[in-house]
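Q: I have a structure I would like to understand better, so I am pasting it below and will then ask my questions one at a time.
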Amino acid sequence: MILIKNKLENLYLNPNSHIFKTVNIIRVKQKTIQFSLFLILIILPILYIGKTHLDINQILERIGNQHTNLTHQKNLYNRLFNKIKSKNFENNLTDINTIIQKISQKYQLNIDSLNWNLEQGKSIELKITADSHSLFNFMKDINQIDYLKYHLLTLTKFTEERKVELITTLVVLANKE
């Protein structure tokens with residue numbers, strides 16, 4: 001206790017020491033120092049938290065905008081993909097019709113009817129009346145096409161004209177698409 005008392009007396013008796021000047025500044029400018037400590041310890045962290053909160057909100061807004069943009073682009077892509085897929089599907093139908101027409105022209109056959117059934121898978125109902133030799137060659141060429149397979153085949157012989165009627169259902173396999 002005496003030691004502390006001696007130090008305090010020495011401090012007040014020697015006003016030119018650095019410790020005295022520091023204690024005197026603290027005593028005189030107590031409100032300024034308290035305000036500075038309040039500013040450093042309370043206000044600056046609050047400002048930092050506020051800035052961080054605003055940054056997070058901006059990032060979330062950018063993410064929302066990017067999500068909206070991405071959803072829009074995804075919808076455009078899906079529409080374009082479906083459009084191209086339907087176009088390819090139409091082209092496949094046209095290509096298959098063309099191939100069947102070319103094979104029938106090769107053997108000088110007239111197609112009585114060619115109907116597409118798109119309800120339960122793609123299939124073609126085909127009806128041709130011709131002589132047996134040409135008709136069997138036509139069937140052989142159709143059988144060579146990888147993506148067309150016979151599902152149902154009916155041959156009817158006409159006695160008066162010596163012709164055969166072919167009624168068949170061809171199934172289009174999925175790997176053509």
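Q: Would you kindly compute the Cα radius of gyration of the chain and its largest Cα-Cα separation (Dmax), both in Å?
A: Calculated on Cα positions, Rg and Dmax stand at 46.9, 146 Å.
Q: Treating cross-link reach as a plain straight distance, find the lysines whose alpha-carbon is under 23 Å from the alpha-carbon of LYS122, omitting any fewer than eight places away in the same chain.
A: The qualifying lysines are LYS83, LYS85, LYS87, LYS102, LYS140, LYS149, LYS176.
Q: Highest mean first, how do 74-80, 100-106 rank when packing is the count of other Cβ atoms within 10 Å averaged over residues?
A: Highest to lowest by the protection proxy: 100-106, 74-80.
Q: Considering the dipole of the chain built from charges on the beta carbon (Lys and Arg +1, Asp and Glu -1) around the Cα centre, which of SER132, ILE63, ILE19 is farthest to its positive end?
A: ILE19
Q: Another question, if that's okay. When all C-alpha to C-alpha distances in region 117-177 are sorted into bins of 5 Å, what percent of pairs does each bin hold, rounded to whole numbers?
A: Whole-percent P(r) values from 0 Å outward: 4, 17, 26, 22, 14, 9, 5, 2, 0.
Q: Next question, about the same structure. Express the Stokes-Einstein translational diffusion coefficient of region 1-100 in µm² s⁻¹, to the nearest whole number, given a Kirkwood radius over alpha-carbon pairs, 4 °C and a viscosity of 1.567 mPa s.
A: 60
Read-outs: derived from the displayed coordinates by stated rules, not from any lab. Bear in mind the structure is a predicted one, so any value in this text is a computation, not a measurement. Every residue, glycine among them, receives a Cβ derived from its backbone with ideal geometry; neighbour counts consider all protein chains shown.
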